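The values are calculated or read from the model by the stated rules, or taken from the named source; none is laboratory data. Keep in mind the model is a prediction, meaning the values are calculated, not measured. Quick reminder, even Gly has a Cβ in these numbers, built from the backbone with ideal geometry, and neighbours come from all protein chains shown.
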Amino acid sequence: MSTSLTPQELHNLAMNIVGEDLQENGYEFLGVNSKLEKDPQFVAIKEGNLNFVIVRAVTYPQDVKEYDEEFMQKMKDHAMKFEAKTYYAGVGLGHGTDYGKPVVKDENYTMIYNGMVEII
């Protein structure tokens, strides 16, 4: 019987997607935290600039572009102490044949990832 991914497994999948994007775009990881509810997930440097990246796995019907503005402002305030930029990276995940259904272990999945959004 097939089983859906747990929240931690969805989070890890989202982190892998964002991590690959960061590497492809020249970011160097200084710290990675994959535990749920431990933020930021990535502390990375690019061109001498420090960056905090908050990753969220999102499932239907949530909108991948929406985030908790109050929380992100707290993260930005924290990042400013380190002269770092703050980014939100939402990754929408769904079943391979129907985005509205849960991701199932060992089966294809669909993804919506529009890259990182800087929190200004």
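So if I check each of 57, 79, 44, 89, which one is buried (at least 19 other Cβ atoms within 10 Å of the Cβ), more than 12 Å from the chain's Cα centre (by Cα), touching a residue at least 12 places away in the same chain (Cβ under 8 Å) and in a strand (DSSP E or B)? Don't jump to the end; show me each part of the working.
Details: 57 fails: more than 12 Å from the chain's Cα centre (by Cα); 79 fails: in a strand (DSSP E or B); 89 fails: more than 12 Å from the chain's Cα centre (by Cα).
After applying the criteria, what remains is 44.
Which residue pairs have Cβ atoms closer than 6 Å, lie 6 or more positions apart in sequence or on different chains, and pair a first residue in the range 11-26 that is surrounded by fewer than 12 Cβ atoms within 10 Å (Cβ to Cβ) with a second residue that is of a type outside the set (Asp, Glu) and at pLDDT 95 or above?
Listed by first residue and then by second, the contacts come to 26/46.
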